[in-house]
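The values are calculated or read from the model by the stated rules, or taken from the named source; none is laboratory data. Quick caveat: nothing in here was measured; it's all calculated off a predicted structure. A quick note on method: Cβ atoms are made from the backbone with ideal geometry, for glycine too, and the neighbour counts reach across all protein chains shown. Ligands, DNA and RNA are stripped out before the accessible areas are found, and what is left, the full protein with its side chains, is counted by its heavy atoms. Shrake-Rupley method; radii C 1.70, N 1.55, O 1.52, S 1.80 Å.
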Amino acid sequence: MMAEITTSCRSGGSRSTRPTRLNLLGWALLCPHARDLLWHGSTPLDNPPYPTSEESKSLHEKLKNVVGEELSRALRALGIGVVGREGGLREHEHTLYIARGEDGVCASSKADIVYILSKEGDLYILYAEAAVRLHVAKPLQALLRGIALYYEYRLPIWVMMVSPHEVRYKQLDDEDQRRILRLINRSSEGFEPSANLCSLCELSHYCPHRVI
(Lines give C-alpha, C1' and ligand atoms only; values in the text may rest on other atoms or scores of the structure.)
Protein backbone atom coordinates (compact mmCIF):
# COMPACT_ATOMS: atom_id res chain seq x y z
CA MET A 1 0.00 0.00 0.00
CA MET A 2 1.23 3.48 -0.76
CA ALA A 3 1.36 5.39 2.50
CA GLU A 4 -0.26 8.43 0.89
CA ILE A 5 -3.41 6.55 -0.16
CA THR A 6 -5.79 4.55 2.00
CA THR A 7 -9.51 3.93 2.46
CA SER A 8 -9.30 4.83 6.16
CA CYS A 9 -10.35 8.46 6.65
CA ARG A 10 -8.51 9.07 9.88
CA SER A 11 -7.05 12.17 11.45
CA GLY A 12 -4.29 10.53 13.47
CA GLY A 13 -0.84 11.29 12.10
CA SER A 14 -2.26 13.45 9.32
CA ARG A 15 -4.74 16.25 9.80
CA SER A 16 -7.73 15.52 7.61
CA THR A 17 -10.03 18.21 6.28
CA ARG A 18 -13.78 17.58 6.34
CA PRO A 19 -15.06 14.92 3.89
CA THR A 20 -15.63 15.90 0.28
CA ARG A 21 -17.12 14.28 -2.80
CA LEU A 22 -14.75 12.18 -4.86
CA ASN A 23 -15.95 13.87 -8.05
CA LEU A 24 -14.53 17.15 -6.72
CA LEU A 25 -11.21 15.44 -6.06
CA GLY A 26 -11.15 14.41 -9.71
CA TRP A 27 -11.40 18.06 -10.75
CA ALA A 28 -8.73 18.95 -8.20
CA LEU A 29 -6.32 16.59 -9.98
CA LEU A 30 -6.75 18.60 -13.16
CA CYS A 31 -6.21 22.00 -11.55
CA PRO A 32 -3.88 22.83 -8.64
CA HIS A 33 -6.05 25.82 -7.72
CA ALA A 34 -9.06 23.54 -7.31
CA ARG A 35 -6.87 21.13 -5.31
CA ASP A 36 -5.88 23.88 -2.89
CA LEU A 37 -9.53 24.81 -2.37
CA LEU A 38 -10.24 21.24 -1.22
CA TRP A 39 -7.13 20.91 0.94
CA HIS A 40 -7.79 24.20 2.70
CA GLY A 41 -11.46 23.38 3.27
CA SER A 42 -12.55 26.38 1.22
CA THR A 43 -15.61 24.83 -0.41
CA PRO A 44 -19.05 24.85 1.26
CA LEU A 45 -20.83 21.60 2.05
CA ASP A 46 -23.70 22.39 -0.28
CA ASN A 47 -22.74 22.45 -3.94
CA PRO A 48 -24.98 24.42 -6.31
CA PRO A 49 -26.73 22.20 -8.87
CA TYR A 50 -26.17 22.67 -12.54
CA PRO A 51 -29.24 23.78 -14.54
CA THR A 52 -29.40 20.38 -16.28
CA SER A 53 -28.49 18.26 -13.23
CA GLU A 54 -31.91 16.59 -12.84
CA GLU A 55 -32.09 15.81 -16.55
CA SER A 56 -28.57 14.35 -16.48
CA LYS A 57 -29.39 12.29 -13.38
CA SER A 58 -32.39 10.70 -15.09
CA LEU A 59 -30.36 9.84 -18.19
CA HIS A 60 -27.57 8.48 -16.01
CA GLU A 61 -29.95 6.15 -14.15
CA LYS A 62 -31.34 4.79 -17.44
CA LEU A 63 -27.85 4.26 -18.84
CA LYS A 64 -26.65 2.58 -15.64
CA ASN A 65 -29.52 0.07 -15.82
CA VAL A 66 -28.75 -0.74 -19.45
CA VAL A 67 -25.03 -1.18 -18.70
CA GLY A 68 -25.78 -3.45 -15.74
CA GLU A 69 -28.15 -5.64 -17.74
CA GLU A 70 -25.79 -5.96 -20.70
CA LEU A 71 -22.77 -6.72 -18.54
CA SER A 72 -24.65 -9.41 -16.60
CA ARG A 73 -25.74 -10.98 -19.88
CA ALA A 74 -22.20 -10.86 -21.31
CA LEU A 75 -20.63 -12.38 -18.18
CA ARG A 76 -23.10 -15.28 -18.27
CA ALA A 77 -22.38 -15.87 -21.96
CA LEU A 78 -18.63 -15.91 -21.27
CA GLY A 79 -19.01 -18.32 -18.38
CA ILE A 80 -17.55 -15.88 -15.87
CA GLY A 81 -18.95 -16.39 -12.40
CA VAL A 82 -20.23 -13.50 -10.32
CA VAL A 83 -19.65 -13.79 -6.58
CA GLY A 84 -22.69 -12.61 -4.63
CA ARG A 85 -25.58 -10.90 -6.39
CA GLU A 86 -25.81 -11.59 -10.11
CA GLY A 87 -26.59 -7.97 -10.92
CA GLY A 88 -23.45 -6.72 -9.18
CA LEU A 89 -23.24 -4.21 -6.36
CA ARG A 90 -25.10 -1.06 -7.44
CA GLU A 91 -24.02 2.33 -6.11
CA HIS A 92 -21.35 0.73 -3.96
CA GLU A 93 -20.25 3.24 -1.30
CA HIS A 94 -16.56 3.73 -0.60
CA THR A 95 -14.09 6.27 0.75
CA LEU A 96 -10.59 7.31 -0.21
CA TYR A 97 -8.05 9.22 1.88
CA ILE A 98 -5.13 10.93 0.14
CA ALA A 99 -2.36 12.61 2.11
CA ARG A 100 -0.37 15.62 0.94
CA GLY A 101 2.35 16.53 3.38
CA GLU A 102 0.82 16.69 6.85
CA ASP A 103 -2.69 17.28 5.52
CA GLY A 104 -5.12 15.00 3.79
CA VAL A 105 -8.47 14.88 2.09
CA CYS A 106 -11.13 12.25 2.68
CA ALA A 107 -13.39 11.73 -0.35
CA SER A 108 -16.55 9.64 -0.44
CA SER A 109 -18.36 8.31 -3.45
CA LYS A 110 -20.55 5.60 -4.95
CA ALA A 111 -19.35 3.34 -7.74
CA ASP A 112 -22.13 2.70 -10.27
CA ILE A 113 -21.68 -1.07 -10.73
CA VAL A 114 -19.17 -3.38 -9.04
CA TYR A 115 -18.80 -7.08 -9.85
CA ILE A 116 -16.68 -9.56 -7.91
CA LEU A 117 -15.79 -12.07 -10.62
CA SER A 118 -14.41 -15.59 -10.52
CA LYS A 119 -12.56 -17.11 -13.46
CA GLU A 120 -10.63 -20.38 -13.20
CA GLY A 121 -10.27 -19.99 -9.46
CA ASP A 122 -9.03 -16.39 -9.57
CA LEU A 123 -11.02 -13.45 -8.19
CA TYR A 124 -10.98 -9.94 -9.57
CA ILE A 125 -13.16 -6.82 -9.62
CA LEU A 126 -14.94 -5.28 -12.58
CA TYR A 127 -16.03 -1.71 -11.85
CA ALA A 128 -18.28 -0.09 -14.46
CA GLU A 129 -19.11 3.62 -14.51
CA ALA A 130 -21.99 4.85 -16.66
CA ALA A 131 -21.63 8.40 -17.94
CA VAL A 132 -23.87 10.51 -20.13
CA ARG A 133 -20.70 12.31 -21.18
CA LEU A 134 -17.05 11.42 -20.66
CA HIS A 135 -15.84 14.91 -19.71
CA VAL A 136 -12.18 15.62 -18.99
CA ALA A 137 -12.36 14.74 -15.28
CA LYS A 138 -14.29 11.49 -15.70
CA PRO A 139 -11.24 9.23 -16.34
CA LEU A 140 -9.52 10.54 -13.20
CA GLN A 141 -12.69 10.14 -11.14
CA ALA A 142 -12.96 6.53 -12.37
CA LEU A 143 -9.30 5.87 -11.48
CA LEU A 144 -9.86 7.24 -7.97
CA ARG A 145 -12.84 4.94 -7.48
CA GLY A 146 -10.82 2.03 -8.85
CA ILE A 147 -8.02 2.73 -6.37
CA ALA A 148 -10.53 2.89 -3.51
CA LEU A 149 -11.95 -0.48 -4.59
CA TYR A 150 -8.46 -1.99 -4.78
CA TYR A 151 -7.66 -1.07 -1.18
CA GLU A 152 -11.07 -2.32 -0.07
CA TYR A 153 -10.86 -5.73 -1.75
CA ARG A 154 -7.11 -6.18 -2.48
CA LEU A 155 -7.97 -7.80 -5.80
CA PRO A 156 -7.03 -6.92 -9.40
CA ILE A 157 -9.31 -4.15 -10.66
CA TRP A 158 -10.68 -3.62 -14.15
CA VAL A 159 -12.14 -0.15 -14.69
CA MET A 160 -14.72 0.44 -17.41
CA MET A 161 -16.39 3.70 -18.45
CA VAL A 162 -19.46 3.51 -20.67
CA SER A 163 -21.17 6.42 -22.41
CA PRO A 164 -23.70 6.40 -25.26
CA HIS A 165 -20.82 7.19 -27.63
CA GLU A 166 -17.81 5.21 -26.42
CA VAL A 167 -16.45 2.61 -24.03
CA ARG A 168 -13.07 2.83 -22.30
CA TYR A 169 -11.48 0.25 -20.05
CA LYS A 170 -8.15 -0.63 -18.46
CA GLN A 171 -6.66 -2.72 -15.69
CA LEU A 172 -5.58 -0.66 -12.70
CA ASP A 173 -1.82 -0.73 -12.07
CA ASP A 174 0.85 0.96 -9.93
CA GLU A 175 1.45 3.67 -12.51
CA ASP A 176 -2.15 4.82 -12.08
CA GLN A 177 -1.47 5.46 -8.39
CA ARG A 178 1.81 7.21 -9.11
CA ARG A 179 0.03 9.43 -11.63
CA ILE A 180 -2.60 10.39 -9.04
CA LEU A 181 0.08 11.29 -6.50
CA ARG A 182 2.06 13.32 -9.05
CA LEU A 183 -1.05 15.37 -9.86
CA ILE A 184 -1.88 15.84 -6.17
CA ASN A 185 1.61 17.07 -5.35
CA ARG A 186 2.35 19.21 -8.40
CA SER A 187 3.03 22.89 -7.92
CA SER A 188 0.46 25.53 -8.80
CA GLU A 189 3.25 27.94 -9.75
CA GLY A 190 2.87 28.99 -13.37
CA PHE A 191 -0.35 27.02 -13.84
CA GLU A 192 -2.85 28.91 -16.00
CA PRO A 193 -6.46 27.70 -15.88
CA SER A 194 -8.31 27.58 -19.18
CA ALA A 195 -11.83 28.77 -19.98
CA ASN A 196 -12.71 25.29 -21.27
CA LEU A 197 -11.64 23.59 -18.05
CA CYS A 198 -13.22 26.18 -15.75
CA SER A 199 -16.55 26.12 -17.57
CA LEU A 200 -16.89 22.41 -16.72
CA CYS A 201 -15.25 22.33 -13.29
CA GLU A 202 -17.56 21.70 -10.33
CA LEU A 203 -15.35 23.91 -8.14
CA SER A 204 -15.47 26.99 -10.38
CA HIS A 205 -18.20 28.61 -8.27
CA TYR A 206 -15.76 29.01 -5.37
CA CYS A 207 -12.47 29.54 -7.20
CA PRO A 208 -10.92 33.01 -7.36
CA HIS A 209 -8.68 31.86 -10.24
CA ARG A 210 -11.47 30.75 -12.58
CA VAL A 211 -11.44 31.84 -16.19
CA ILE A 212 -14.91 31.92 -17.70
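Return the total of residues in region 162-212 being closer than 30 Å to Asn65 by Cα, part of a helix (DSSP H, G or I) and modelled with pLDDT under 90. Walk me through how you get there before you give the answer.
Residues of region 162-212 that are closer than 30 Å to Asn65 by Cα, as a first pass: 162-173, 176-177, 180, 197, 199-203.
Among the residues that remain, those that are also part of a helix (DSSP H, G or I) are: 176-177, 180, 197, 199-200.
Checking the rest, the ones that are also modelled with pLDDT under 90 come to 197, 199-200.
Of the residues in region 162-212, 3 are closer than 30 Å to Asn65 by Cα, part of a helix (DSSP H, G or I) and modelled with pLDDT under 90.
Annotation: of all residues in region 9-34 being out of contact with any Cys (no Cβ under 8 Å at 6 or more places or on another chain) and under 23 Å from Glu129 (Cα atoms), the one that is modelled with the lowest pLDDT is Arg21. Residue under question is Glu120, and the condition is that it be within 14 Å of Leu22 (Cβ to Cβ), at pLDDT below 90 and either hydroxyl-bearing (Ser, Thr, Tyr) or open to solvent by 50 Å² or more (accessible area, probe 1.4 Å) (or both); does it hold? For Glu120, the condition - within 14 Å of Leu22 (Cβ to Cβ), at pLDDT below 90 and either hydroxyl-bearing (Ser, Thr, Tyr) or open to solvent by 50 Å² or more (accessible area, probe 1.4 Å) (or both) - is not met.
Conditions (1) open to solvent by less than 10 Å² (accessible area, probe 1.4 Å); (2) in contact with a helix residue (DSSP H, G or I) (Cβ under 7 Å, 6 or more places away or on another chain), marked per residue:
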site	(1), (2)
Glu69	no, no
Ile80	no, no
Gly104	yes, no
Ser109	no, yes
Ile125	yes, yes
Val136	no, yes
Leu140	yes, yes
Glu152	no, no
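For region 182-212, the set of residues classified as in contact with a Lys or Arg (Cβ under 7 Å, 6 or more places away or on another chain) and open to solvent by less than 80 Å² (accessible area, probe 1.4 Å) consists of Ile184, Pro193, Cys198, Ser204, listed by residue number. Among the residues here, Val159 does not qualify as touching a residue at least 12 places away in the same chain (Cβ under 8 Å) and assigned to a loop (DSSP other than H, G, I, E, B). The condition of being under 18 Å from the mean Cα position of the chain (by Cα), at pLDDT 75 or above, open to solvent by 50 Å² or more (accessible area, probe 1.4 Å) and acidic (Asp, Glu) holds for Glu91.
Kindly indicate whether Leu134 is among the aliphatic types (A, V, I, L, M), outside any loop (DSSP other than H, G, I, E, B) and within 30 Å of Glu69 (Cβ to Cβ). Break it down into steps so the answer makes sense when it comes.
On the way: among the aliphatic types (A, V, I, L, M): yes; outside any loop (DSSP other than H, G, I, E, B): no; within 30 Å of Glu69 (Cβ to Cβ): yes.
It is false that Leu134 is among the aliphatic types (A, V, I, L, M), outside any loop (DSSP other than H, G, I, E, B) and within 30 Å of Glu69 (Cβ to Cβ).
Can you tell me how many residues within region 56-67 are out of contact with any Lys or Arg (no Cβ under 9 Å at 6 or more places or on another chain), at pLDDT 90 or above and open to solvent by less than 60 Å² (accessible area, probe 1.4 Å)? Counting residues in region 56-67 that are out of contact with any Lys or Arg (no Cβ under 9 Å at 6 or more places or on another chain), at pLDDT 90 or above and open to solvent by less than 60 Å² (accessible area, probe 1.4 Å) gives 2.
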